[in-house]
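Nothing in this text is a laboratory measurement; each read-out follows from the coordinates by a stated rule. Note that the structure is a prediction, hence the values are computed from the model and not measured. Counting neighbours? That spans all protein chains shown, and the Cβs are built from the backbone with ideal geometry, glycine included.
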């Protein structure tokens, strides 16, 4: 960013000038405030790592930690490997090869993104459990009794892989389709066959993108609560939840959260590292793209492979959800359903507005006051996407409870006021999803160059009129995208909602959790299918954006 | 003949991209394909490289058929080097690894020797450990050339190799690359839309339009003896003036009589449709065909002028209203609106039948 040339500052556009002059650091203060929203919960949680309580720790070390750490380790390893294998192979064949149905699959393979992982999870269990239709049929028809248990480590890994591979697929496919084919051609002109070229050139070149996608998937894995809860697979998120609700121990929850956040920060650091590598690894631009024509056997195998993944990741879960929904729709589609829906809607709308305006403020501040302070503030404010909901719930609750107690001690209020309100929940949502809103807004903000401002000023438009007539119209598309993404994410959000909702504020996701906890798969299907339908919106946005 | 294209056609989704294309290149020769964008020149390159199948004709490399309808020898088997427009260097490899990439299967010492040799040739000694993003555009171009030359390819193909560089560098590098290719004895085809580049690089140049080669010739002939109106228009500057055929080697235009008796060149009589007397034709006049001469009785009005350093390009209006271009040494300064004397000095009379 450049400083404004002197002539522009001196120009008789009093509005902009005095505006800036009167509040020299207003933008900076705004940004620091937004960043502190994220920083406070993180610090609170980190602090409890520094102030360990011996009793809790000895209990944790003896009974929980070894299992939690080994469970988390295997889960991260398994899902990491799974999403990379699935995501990269699908990205490669759809980006570079030609086979029947390729155009269709290249966007359809993103559809599993619309289904929350916990929904795929309960569908899988409902289908494959001992009393599920598949085992029952197998017993009746063939007398098969031996099945690998679905509620196992392998089961969780498989389900999460199917739900999360689109992150790797999406990012890697972009990398392949911009450079994959050409990289292969160079390799071919130097005497390498396409297969060898894939491993020696295309794959190494796409490594930062693959790593970036995998890191996103791993963050989701570490943050996941719903899936592991359904599988009874104990990880840090479920342990935090249990400490909070079953043991009523805020301390134990904080201690666990502080360990989890260390893992998360490691992954976050790795992800930020891969991002900087993506910047300079841009190779070549779009060239003539001739696709590899596979032999007919290979081509049909590719079709079969894509179809199998799509079936397992999307078609089967959605079909099963629809079947279950049909079973119970007469009974469950009632006032209570509308209550859940209504709560979800209000929370999601509020959060979308909140996250949209805070991102706008943050991004605008960076534009008005470019510099180190703003860069650090934006970086901190947008790490929330990596923070698990369970951690945020703890981190947002502790300072609010403290504030409540202070207010009571000072005699301003009689009973806790803030901790039972929507404030904790909305703040936690805001922190978690600020980055989701920030990235489209910020990238659009970068397109409003200094020249746009100067051109407007030379035409006599400045100050608030500049914002209203130039900046906001230019940003409106990205604001809408941002709000939509946050809306959908809040709809699907489970742990923050479960842990911090005021009494009576049950949402669709809470309903899914309660019904699956009771093993009533078909009654969880109605809220779940509603979430899937809403989740389709950003996927459609994504495919439209990509096809442009 | 190292490379021969015989009646090559290619169509894609029922759209014809290449039509009945034939040309040949001797070992060590540099050929250029010149044409406006979308004329199919890159497709020719990709067909020769083996990235595109052909639907008709054949391509013969070193006496071996490499492409025919239904058969395309894989690109990696052809030993054809390629330099891409955006260089397509591997961003994850340093310069040494990029250049040595095609030398797989050779012992390390031999490979290192060849890489050093090439880095020396392209003037990049000492940059071996740099990564592509640390190099300037010109340096990246040299790395791409070195990488393509490393495995001693049968043939080197270059697709708009200098289009990403600024004008100064473009001219210098095109001459430099020509020297390198000649020194290595490499046969090459360069695709470009810039005629100066084609003139600087090519021993022979093919002018292409609509997927067809309009003329396959030396630069001199393209300029002075263009085969058709498209070539005359596309290569160099010039205007067409109406003329009347008096007999087989005399044409009259408003500036006077033109004689065409240069042996070894095509005479008017050879040209179709203008054998008969009194036919009207169009005569190509290059800016160097019109010479400024203060003593000449023929006067023309200065309408525009463009200063070019060594000379000035004047646009002149004749009494008839037709315009001609004239290249005049730059110390002959005349104002717009002035009448100046001109005379004809046409070495090659080129005529085309009038479009009807």
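Give the calculated FRET efficiency between residue B:308 and residue A:421 to the nearest 0.05, with a Förster radius of 60 Å applied to their Cβ-Cβ distance. Provide the component values of the computation, followed by the final result.
Details: r = 78 Å, r/R0 = 1.30.
That gives a FRET efficiency of 0.15.
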Using per-residue counts of other Cβ atoms within 10 Å, averaged over each peptide, order B:48-54, A:342-348 from highest down.
B:48-54, A:342-348
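Can you give the average number of partner chain beta-carbon atoms within 10 Å of each beta-carbon in peptide B:98-108, as a whole number? Could the numbers behind the result be given before it?
On the way: counts 1, 0, 1, 7, 6, 2, 6, 1, 0, 0, 0.
Mean partner-chain Cβ count within 10 Å for B:98-108: 2.
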Enter the angle in degrees (range 0 to 90, nearest 10) between the Cα long axis of helix B:108-121 and the first principal axis of the Cα atoms of chain B, meaning the one along which they spread out most.
20 degrees
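Among B:19, A:457, what is the fewest-to-most ranking by other Cβ atoms within 10 Å? Let's see the in-between values first.
On the way: B:19 16, A:457 19.
In increasing order of surrounding Cβ atoms, one gets B:19, A:457.
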Does the stretch A:128-287 come out rounded, prolate or oblate by the C-alpha gyration tensor, with a ≥ b ≥ c the root eigenvalues, rounded set by a/c under 1.5 and, if not, prolate when a/b is larger than b/c and oblate if not?
oblate
Compute the long axis of helix B:167-184 from its Cα atoms, compare it with the longest principal axis of the Cα atoms of chain B, and write down the angle in degrees, 0 to 90, nearest 10.
60 degrees
Degrees, to the nearest 10: B:137-149 long Cα axis against longest axis of chain B:
70 degrees
Between the stretch B:213-260 and the stretch A:298-372, what is the C-alpha centre distance in whole Å?
70 Å
By how many nm would the segment from residue A:536 to residue A:73 grow when fully extended, if each residue of separation counts as 0.36 nm and the alpha-carbon distance is taken off?
163.6 nm
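Mean residue ellipticity at 222 nm from the helices of chain B, using -39,500 (n - 2.57) per DSSP H segment of n ≥ 4 over the full residue count, to the nearest 500 deg cm²/dmol?
On the way: 8 runs with 78 residues, N = 356.
About -6500 deg cm²/dmol.
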Fully extended, how many nm does the chain gain between residue B:27 and residue B:320 (0.36 nm per residue separation, minus their Cα-Cα distance)?
100.3 nm
Just from its helices, what would the mean residue ellipticity at 222 nm be for chain A, if runs of 4 or more DSSP H residues each count -39500 (n - 2.57) and the sum is divided by every residue, rounded to the nearest 500 deg cm²/dmol?
-24500 deg cm²/dmol
Place the peptides B:318-324, B:230-236, B:177-183 in order of packing, highest mean first, counting for every residue the other Cβ atoms within 10 Å and averaging per peptide.
B:230-236, B:177-183, B:318-324
Classify chain A: rounded, prolate or oblate, from the alpha-carbon gyration tensor (a ≥ b ≥ c, eigenvalue square roots; a/c under 1.5 rounded; otherwise prolate if a/b is larger than b/c)?
oblate
So for the pair residue B:210, residue A:448, with labels modelled 7 Å out along Cα→Cβ, what separation do we get in nm?
5.0 nm
Please report the spacing between the Cα centers of the stretch A:104-154 and the stretch B:39-89 in Å, no decimals.
49 Å
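Want the number for residue B:104 to residue B:71: 0.36 nm per residue separation, take away the alpha-carbon distance, what's left?
Working: separation 33, 0.36 × 33 = 11.88 nm, distance 2.68 nm.
Residue separation times 0.36 nm, minus the Cα-Cα distance, leaves 9.2 nm.
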Distance between Cα centroids, the stretch B:279-303 to the stretch B:99-134: provide it in whole Å.
56 Å
Kindly identify the stretch A:151-229 as rounded, prolate or oblate by the Cα gyration tensor criterion: order the square roots of the eigenvalues as a ≥ b ≥ c, call it rounded if a/c is under 1.5, otherwise compare a/b with b/c, prolate if a/b is larger, else oblate.
prolate
What is the distance, in nm, between label points placed 7 Å from the Cα along the Cα-to-Cβ direction at residue B:168 and at residue A:296?
6.1 nm
Any idea how far apart residue A:518 and residue A:107 come out in nm if each label point goes 7 Å out from Cα toward Cβ?
4.0 nm
What FRET efficiency would be calculated for the residue pair residue A:43, residue A:379, taking the C-beta separation as r and a Förster radius of 22 Å, to the nearest 0.05?
0.90
